[in-house]
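Peer 1: Structure provided below as structure tokens; questions to follow.
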Amino acid sequence: MLYKFKSRSAPDLIMLEPHGRQILQIIGKTPGTSGIITAAQIPGAMAALEAAVAADEALAAVAQEQADEDGVERPDTVRLRQRAAPFLDMLRRSVAEEHDVVWGA
């Protein structure tokens, strides 16, 4: 299943279900078949997502240090920062133009 996010301020954004669900949970929305993030809720959603990205990056840095100490090569993985970037861009554009973001699955 896919999640499709729409706003009049930005191009549509399509995410695989696990990633869309993760983003929605981070911003405090219940993942479902459809929903809305109002323009008034966007600043809080952005702050929550940016905090989650910072926490994920800190965990990744600690894991990388441990892998370096152990001499183990860690495989490259897609981090939350990379998955969240297009969504954060959509939120920034939407809040600037005071438009809601809606989603559907």
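The values are calculated or read from the model by the stated rules, or taken from the named source; none is laboratory data. What you see is a predicted model; the values in this text were computed from it and never measured. We place every Cβ from the backbone using ideal geometry, glycine too, and count neighbours over all the protein chains shown. These accessible areas exclude ligands, DNA and RNA; they are computed on the full protein's heavy atoms, side chains included. Shrake-Rupley method; radii C 1.70, N 1.55, O 1.52, S 1.80 Å.
Peer 1: Limited to segment 30-45, what total is found for residues that are more than 17 Å from His19 (Cβ to Cβ) and not hydroxyl-bearing (Ser, Thr, Tyr)?
Peer 2: 7
Peer 1: Pull out all pairs, ordered by first then second residue, where Cβ-Cβ is under 8 Å, the residues are six or more apart or on different chains, the first lies in segment 62-73 and is free of Cβ contacts under 8 Å to residues at least 12 places away in the same chain, and the second is open to solvent by less than 100 Å² (accessible area, probe 1.4 Å).
Peer 2: Ala63/Arg74; Gln64/Arg74; Ala67/Arg74; Glu73/Ala67
Peer 1: How many residues does segment 1-30 hold that are farther than 25 Å from Glu97 by Cβ, surrounded by 14 or more Cβ atoms within 10 Å (Cβ to Cβ) and either without any contact (Cβ under 8 Å) to a residue 60 or more places away in the chain or over 14 Å from the mean Cα position of the chain (by Cα) (or both)?
Peer 2: 1
Peer 1: State all residues of segment 53-72 that are surrounded by 10 or more Cβ atoms within 10 Å (Cβ to Cβ) and not aliphatic (A, V, I, L, M); if no residue qualifies, say none.
Peer 2: The answer is Asp56, Glu57, Gln64, Glu65, Gln66, Asp68.
Peer 1: Another question, if that's okay. For segment 60-73, what are the residues that are of a type in the set (D, E, K, R) and closer than 27 Å to Ala48 by Cβ?
Peer 2: Correct list: Glu65 only.
Peer 1: Then there's this: Given the conditions (1) surrounded by fewer than 11 Cβ atoms within 10 Å (Cβ to Cβ); (2) more than 24 Å from Glu97 (Cβ to Cβ); (3) free of Cβ contacts under 8 Å to residues at least 60 places away in the same chain, report the number of the one that Ala40 does not fulfil.
Peer 2: (2)
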